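A.B. asks: One structure, pasted below without further comment.
The values are calculated or read from the model by the stated rules, or taken from the named source; none is laboratory data. As the structure is a prediction and not an experimental result, all values here were calculated from the model. In this analysis, Cβ positions are derived from the backbone assuming ideal geometry, glycine residues included, and neighbour counts consider all displayed protein chains.
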Amino acid sequence: MPEARLDLLASVLPLAKALRRIEDEAAAGHDLTMWQYAVLQVVAAGPGRNQAEVAARLDYSRNRIVADLDALEERGLLVRRAGADRRANELVITDDGTATMGAVQAAIHRAEDALLAPLSSQDRKALHRLLPKLAASARSSRPPPKAD
């Protein structure tokens, strides 16, 4: 008889919920939503992306992202500027946006470290090494997002 094992979703779902709570709380501590924090991360990683590109990278609604961009721009955390073809604005994170994103990320990492505390250092390193590989594989195997 094969060895009994949990389905991956059964193993990962409680972790995913805990990580979502960690991100929500860390972002809220800086008056952001988790989605606004994610937008800042994507814009920081690729300055000059437009809102459709950022939404696609996050698998987020191209319509809903507008309110997040409005809020981030109003707070001075990012700016929109005319793109090269003038049909789409380029998004650029500001210095305040970078500082805020860094503070949220530091809070997330502290909480993640506490969550992973039961694991040995070697197991934590293995997890951090393996999860990006698995995530990349999952991203490449899913169908493209539907248009809004």
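A.B. asks: Going by the conditions given, is Val12 out of contact with any Phe, Trp or Tyr (no Cβ under 6 Å at 6 or more places or on another chain), within 21 Å of Asp113 (Cβ to Cβ) and free of Cβ contacts under 8 Å to residues at least 24 places away in the same chain?
C.D. replies: Here the answer is yes, as Val12 does meet what is asked.
A.B. asks: I need the full set of residues from the stretch 21-39 which are of a type outside the set (Phe, Trp, Tyr), touching a helix residue (DSSP H, G or I) at 6+ places or on another chain (Cβ under 7 Å) and assigned to a helix (DSSP H, G or I), in order please.
C.D. replies: Of everything in the stretch 21-39, those that are of a type outside the set (Phe, Trp, Tyr), touching a helix residue (DSSP H, G or I) at 6+ places or on another chain (Cβ under 7 Å) and assigned to a helix (DSSP H, G or I) turn out to be Ile22, Glu23, Asp24, Ala26, Ala27, Met34, Gln36, Ala38, Val39.
A.B. asks: For the structure I just gave you, tell me whether Glu74 is loosely packed, with under 11 Cβ neighbours inside 10 Å and over 30 Å from Leu8 (Cα atoms).
C.D. replies: The answer is yes for Glu74.
A.B. asks: For residues that are part of a helix (DSSP H, G or I) and over 20 Å from Ser140 (Cα atoms), scanning just the stretch 40-60, find the one that is nearest to the chain's Cα centre (by Cα). Working first, answer last.
C.D. replies: Narrowing the stretch 40-60 to residues part of a helix (DSSP H, G or I): 40-45, 51-58.
Filter once more, keeping what is over 20 Å from Ser140 (Cα atoms): 40-41, 43-44, 51.
Values: Leu40: 9, Gln41: 7, Val43: 11, Ala44: 12, Gln51: 15 Å.
Looking at the filtered set, the residue picked out is Gln41.
A.B. asks: Let me ask you something else. Under 6 Å between Cβ atoms, at least 6 apart or on separate chains: pull out the pairs that start in the stretch 90-106 with a residue that is buried (at least 17 other Cβ atoms within 10 Å of the Cβ) and end on any residue that is charged (D, E, K, R) and not in a strand (DSSP E or B).
C.D. replies: Cβ pairs passing all conditions: Leu91/Arg49.
A.B. asks: Let me ask you something else. Quick test of your reading of the structure: Glu53 fulfils all but one of (1) loosely packed, with under 11 Cβ neighbours inside 10 Å; (2) acidic (Asp, Glu); (3) at pLDDT below 95. Name the failing condition by number.
C.D. replies: (1)
A.B. asks: Is at least one residue of the stretch 1-22 modelled with pLDDT of 95 or more, acidic (Asp, Glu) and over 23 Å from Ala135 (Cα atoms)?
C.D. replies: No - not one qualifying residue is present in the stretch 1-22.
A.B. asks: Then there's this: Restricting attention to the stretch 31-39, does a residue exist that is at pLDDT below 90 and closer than 24 Å to His109 by Cα?
C.D. replies: Checked against the condition, which is being at pLDDT below 90 and closer than 24 Å to His109 by Cα, the stretch 31-39 yields no hits at all.
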